[in-house]
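The block underneath contains the structure these notes are about, expressed in structure tokens.
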Amino acid sequence: MKLYSANMPAPNPRRVRIFAAEKGIALPEIMLSLVEREHRSADHLHRNSLGQVPVLELEDGTTISETIAICRYIEELQPDPPMFGRSAKEKALIDMWTRRIDIQLGEPTKMFWRHAHPATAALIEQHKVFGESNRDVLARAMQWLNTELEDGRSFLTGDSFTIADIAALTVIDFAALIGLDPLVGKKSVTDWHARVSSRPSVSG
Ligand SMILES: N[C@@H](CCC(=O)N[C@@H](CS)C(=O)NCC(=O)O)C(=O)O
């Protein structure tokens with residue numbers, strides 16, 4: 001199996017990279033240049049009709065898109081360490097947190113990137129006022145997350161590093177890269193961020 005991917009700062013391929021490293025799986029990556037629009041080539045549109053990365057290609061030619069679907073597939077192949085939970089309660093809490101991160105943090109970050117950032121201005125029609133309004137939306141979401149983590153737990157769902165932490169780390173790092181300052185004044189999130197960033201799967 002191999003992953004059609006893209007280099008940093010692309011946050012979604014990075015999620016799969018970290019996830020596979022946590023599982024000890026060496027996943028060959030074929031890097032597409034997003035700047036050169038290789039993800040919109042006929043070959044890649046054949047793999048994913050939405051023209052996005054990551055895409056996991058299996059030995060039989062099946063292609064799986066969507067980061068969480070790819071990670072779930074890898075989890076089935078290699079259940080240890082469990083990153084989507086084992087019990088019904090763990091699974092539900094990890095799903096809850098992954099969705100919260102994608103909706104509360106991921107959406108405003110994506111909307112700012114698409115509608116206000118200079119790097120995407122030539123690619124899509126931007127609505128700058130709407131795009132800029134997402135700065136405040138993200139700032140409020142980060143404040144909420146900071147309050148949540150003030151109880152001192154190590155990871156988003158408790159004592160274990162999970163897909164929810166990977167989702168949060170990658171979106172927060174991307175938000176920082178595009179100038180949204182997500183960690184400023186957020187002590188509990190900053191402590192969590194330092195903890196997860198020091199993991200070999202992330203720093204290696
Ligand atoms: N929902 C998808 C999002 C994938 C996505 O947005 N990938 C970005 C790279 S991080 C991409 O391919 N962007 C190029 C584009 O949408 O044209 C997932 O979870 O995999």
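For segment 76-100, what are the residues that are of a type outside the set (A, V, I, L, M), in a helix (DSSP H, G or I) and surrounded by 16 or more Cβ atoms within 10 Å (Cβ to Cβ)?
Correct list: Glu90, Asp95, Trp97, Thr98, Arg100.
For segment 25-55, enumerate the residues that are outside any helix (DSSP H, G or I) and of a type in the set (A, V, I, L, M).
Within segment 25-55, Ile25, Ala26, Leu27, Ile30, Met31, Leu32, Leu34, Val35, Leu50, Val53, Val55 meet the criteria.
Can you name the residue in segment 152-168 that is out of contact with any helix residue (DSSP H, G or I) (no Cβ under 7 Å at 6 or more places or on another chain) and farther than 18 Å from Arg86 by Cα and, of all such residues, is modelled with the lowest pLDDT?
That would be Gly152.
List the residue pairs whose Cβ atoms are under 7 Å apart, where the first residue sits in segment 5-21 and is in contact (Cβ under 8 Å) with a residue 60 or more places away in the chain, the second is assigned to a loop (DSSP other than H, G, I, E, B) and near the ligand (Cβ under 8 Å from one of its atoms), and the two are 6 or more positions apart or on different chains.
Taking only residues 6 or more apart or on different chains, the pairs are Asn12/Val53; Asn12/Pro54.
Select, from Ile172, Ile166, Ile103, the only residue that is loosely packed, with under 14 Cβ neighbours inside 10 Å and in the same structural domain as His193 (by TED's automatic domain parsing).
The match here is Ile103.
Conditions (1) in contact (Cβ under 8 Å) with a residue 40 or more places away in the chain; (2) hydroxyl-bearing (Ser, Thr, Tyr); (3) outside the structural domain of Arg14 (by TED's automatic domain parsing), marked per residue:
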| position | (1), (2), (3) |
| --- | --- |
| Thr62 | no, yes, no |
| Cys71 | yes, no, no |
| His115 | no, no, yes |
| Thr120 | no, yes, yes |
| Val129 | no, no, yes |
| Asp136 | no, no, yes |
| Gly152 | no, no, yes |
| Phe155 | yes, no, yes |
| Gly158 | yes, no, yes |
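For segment 175-198, give me each residue that is free of Cβ contacts under 8 Å to residues at least 40 places away in the same chain, in a helix (DSSP H, G or I) and surrounded by fewer than 18 Cβ atoms within 10 Å (Cβ to Cβ).
Once the filter is applied, which keeps residues that are free of Cβ contacts under 8 Å to residues at least 40 places away in the same chain, in a helix (DSSP H, G or I) and surrounded by fewer than 18 Cβ atoms within 10 Å (Cβ to Cβ), segment 175-198 yields Ala176, Thr190, Ala194, Ser197.
Which pairs have Cβ atoms under 6 Å, sit 6 or more apart or on different chains, and link a residue in segment 30-56 that is under 17 Å from Ala122 (Cα atoms) and among the β-branched types (Val, Ile, Thr) to one that is within 11 Å of the ligand (Cβ to nearest atom) and modelled with pLDDT of 95 or more?
Here the result reads none, with nothing in segment 30-56 linked to a residue that is within 11 Å of the ligand (Cβ to nearest atom) and modelled with pLDDT of 95 or more.
One line per residue, one yes/no per condition, for (1) within 15 Å of the ligand (Cβ to nearest atom); (2) on the phi > 0 side of the Ramachandran plot; (3) within 19 Å of the chain's Cα centre (by Cα):
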site: Ile30; (1), (2), (3): yes, no, yes
site: Val35; (1), (2), (3): yes, no, no
site: Ser49; (1), (2), (3): yes, no, no
site: Gln52; (1), (2), (3): yes, no, yes
site: Leu58; (1), (2), (3): no, no, no
site: Glu66; (1), (2), (3): yes, yes, yes
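The values are calculated or read from the model by the stated rules, or taken from the named source; none is laboratory data. Since the model is a prediction, treat every value here as computed from it, not as a measurement. Because the Cβ atoms are built from the backbone with ideal geometry, glycine has one as well, and the counts that use them run over all protein chains shown.
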